[in-house]
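Notes for the one structure printed next.
Coordinate-derived values only; no laboratory data. Source: prediction; values computed, not measured. Counting neighbours? That spans all protein chains shown, and the Cβs are built from the backbone with ideal geometry, glycine included.
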Amino acid sequence: MFRRKKKDQPTDAPPPIEAEESSATKEEVAPAETDSAETVAAETAAPAGSAAAASEGAALSATATSGRRGNRVQKVGTVSSDKMQKTVVVRVDRLVLHPKYRRYVRRTSKFMAHDDLGATTGDRVRIVETRPLSARKRWRVVEIVQKAAK
């Protein structure tokens, strides 16, 4: 058998005001957006000869260009091969906790990186992610952290 649903009984509590709160927040946000838009329009309408307006514009353009790329992935590894021209193979080690045995296991990854600095086998280098430079090369050597012991 099935049970019938109980009819909603009237309560003394007022109904929820969800729709009114969202419209109130929209009204509060809208004037703030127009104020910021007006100030930006006023700053851009400043005469070109003004030194203050020029410095503000330069600061705005500098922050826009620096934030465009975002943070690129950086890794530190050891050069395992330098037999190619302007390319090195970098071995990056990381420790991973084994799920069953709860011991740390060393995992290695090899990356091909563009090298203008002249890193040799055994050097510790910092590589950074970049656009594809060839079929397998997507990294670039930024600095040589430690030279190999001779």
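Couple of notes before you dig in:
- Close pairs from segment 87-112: first free of Cβ contacts under 8 Å to residues at least 60 places away in the same chain and surrounded by fewer than 11 Cβ atoms within 10 Å (Cβ to Cβ), partner in a loop (DSSP other than H, G, I, E, B) and of a type in the set (Lys, Arg), Cβ under 8 Å, at least 6 apart: Leu97/Arg103
- Among the residues making up segment 108-122, those that are of a type outside the set (Lys, Arg) and within 15 Å of Met84 (Cβ to Cβ) are Phe111, Met112, Ala113, His114, Asp115, Asp116, Leu117, Gly118, Ala119, Thr120, Thr121.
- The one condition in (1) surrounded by 11 or more Cβ atoms within 10 Å (Cβ to Cβ); (2) of a type in the set (A, V, I, L, M); (3) part of a loop (DSSP other than H, G, I, E, B) that Ala135 fails to fulfil: (1)
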